[in-house]
Amino acid sequence: MVLNPFIVGKYVSDKYFCDRDKETEFLIKQITNGRNTALISPRRMGKTGLILHSMNQPLLKEKYYTFFIDIYATTSLSEFVYLFGKTIYEVLKPKRTAWTERFFQIIRSLRVGFKLDSMTGEPSFDISLGDIHTPQATLDEIFEYLECADKPCLVAIDEFQQISSYGEKTVEALLRTKIQQCKQTLFIFSGSKRHLMNNMFNSSAKPFYQSAISMELQPIPIDIYTDFAIRKFEERGKHVEKSVVESIYHQFEGCTWFVQMIMNELFSLTDQDELCDSSKLPVALQDVILTQEGSYKDLLSRLAPKQKLILQAIAKEGKAKEITSSAFIKKYNLPSASSVQSAVKPLIKSDIVTQENDYYRVYDYFFSEWLRSIY
């Protein structure tokens, strides 16, 4: 049994997963009908959890080999190929089927990484990024391997929009060609930068145009999440006021990770048979922010002075509109409109600030709270 039922940052099982019944059904339907899917939503809304939850359902778990690859930190085709091959090997290694034994027979360019443990005799994958000498050839071998599996493969690539920033400008076209040729391998492309993902899959000038069914992930409805939270408290002999859960949900606009993080802390602050009321909310928020304070200070230290000014102004405003207007500039003693515009661009590019519809906000709700508290 998991000690704290409000799981953060990973998927454990159905028992600790809230709702997403319709989304799970929709995603499974696309896969079982042979359609690739583009899953789009802001970061930390629960895309990864939904994908892993869907992969854990009997229909997919039993009939497909499933692979989940997070390419958020990759910057080149070589890194992508390295991560792709390593993930496949690590997922398949325990299965010991005839197909898994053929990994290095087909993916010949990665044989250099095949080692046998001197103590156990077990095979291992010991390869570094520098061993990827011909990434396109290795990618061809990986796709060949997936296509000759003894059952269909399902590959989920998280933060897929990252490939558009690689130095190699032909990666989108290369992957599109390889994926289009697949007969028994299906893909889920998930991404958090909506404008980039929408451009990749909905622009006729892009290789992935209309190659996947688009699916947007919205917050879990408040009534469903509230019932889930109350139930999880009750199952462990604790209690929480409905208004407390609703207050957290509204404060973080239903963004799954942030809501779960505060609920996780509230659960830890509540004793057996105790009622968690609103008096615990400030304590929980402060506790969570304190755990992140070091990284927030480090982040600020790496920003240019003008970037700090506009970041602080957006945090104080909450949802900042018309940030280049004379009224906004005067209110927060900012430099010129052109300086504000040039300062906010790198903040958006690095996901520190997000632009939604007609307003800007600090992406990390906790970071925003911390900025408001110290400036």
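The values are calculated or read from the model by the stated rules, or taken from the named source; none is laboratory data. Since the structure is predicted, the reported quantities are computational estimates derived from the model, not experimental observations. Glycine also receives a Cβ, built like all others from the backbone with ideal geometry; neighbour counts cover every protein chain displayed. Calculation scope for accessible area: heavy atoms of the full protein, side chains included, ligands and nucleic acids excluded. Shrake-Rupley method; radii C 1.70, N 1.55, O 1.52, S 1.80 Å.
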Area projected by the alpha carbon convex hull of the chain, averaged over all directions, nm²:
21.8 nm²
Excluding Pro152 itself, what net charge comes from residues whose Cβ is under 14 Å from its Cβ, given Lys and Arg +1 and Asp and Glu -1?
+2
Add +1 for every Lys or Arg and -1 for every Asp or Glu among the other residues with Cβ under 10 Å from the Cβ of Ala73, and state the total.
-3
Computed, not fitted: 222 nm per-residue ellipticity of the chain from DSSP H runs ≥ 4 (each -39500 (n - 2.57)), nearest 500, equal to -14500 deg cm²/dmol
Please report, ordered by residue number, every helix of the chain (full DSSP H runs) that is 15 Å or longer along its axis going by C-alpha atoms and whose mean Kyte-Doolittle hydropathy reaches -1.0.
21-32, 77-92, 135-147, 222-235, 256-269, 281-301, 305-317, 337-349
When the charge dipole of the range 269-375 is computed with +1 on Lys and Arg Cβ and -1 on Asp and Glu Cβ about the Cα centre, the Cα farthest towards its positive end, among Gln292, Gln307, Leu275, belongs to Gln307
With Cα springs under 10 Å, the Gaussian network model of the chain assigns the largest mean-square fluctuation among Leu275, Leu50, Leu299 to Leu299
Place a +1 charge on the Cβ of each Lys and Arg in the chain and a -1 charge on the Cβ of each Asp and Glu, then give the dipole magnitude about the Cα centre in debye, rounded to the nearest 20.
1060 debye
Residue (of Phe67, Met261, His133) at the positive-pole extreme of the chain, dipole from beta-carbon charges:
His133
Only Lys, Arg, Asp and Glu count, each charged at its Cβ (+1, +1, -1, -1), so figure out the dipole size of the range 154-242 about its Cα centre, rounded to 20 debye.
260 debye
What does the accessible area per residue of the chain come to in Å², with a 1.4 Å probe and no ligands, DNA or RNA counted?
48 Å²
Taking Lys and Arg as +1 and Asp and Glu as -1, residues besides Tyr375 with C-beta under 11 Å from its C-beta add up to +3
Neighbour-limited loop hits for GluC sites (Glu not before Pro), the range 301-370 (at most 16 other Cβ within 10 Å; DSSP other than H, G, I, E, B)
Glu322
Share of the chain's accessible area from carbon and sulfur, percent, 1.4 Å?
51 percent
Compare the Cα positions of Phe189, Leu174, Ile230 along the charge dipole of the range 125-275 (+1 at Cβ of Lys, Arg; -1 at Cβ of Asp, Glu; about the Cα centre) and return the one farthest towards the positive end.
Leu174
Which FRET efficiency value, to the nearest 0.05, is calculated for Ser342 and Thr177 with the Förster distance at 30 angstrom and r the Cβ-Cβ distance?
0.20
Among beta bridges that DSSP assigns inside the chain, antiparallel share in %, nearest 5
25 percent
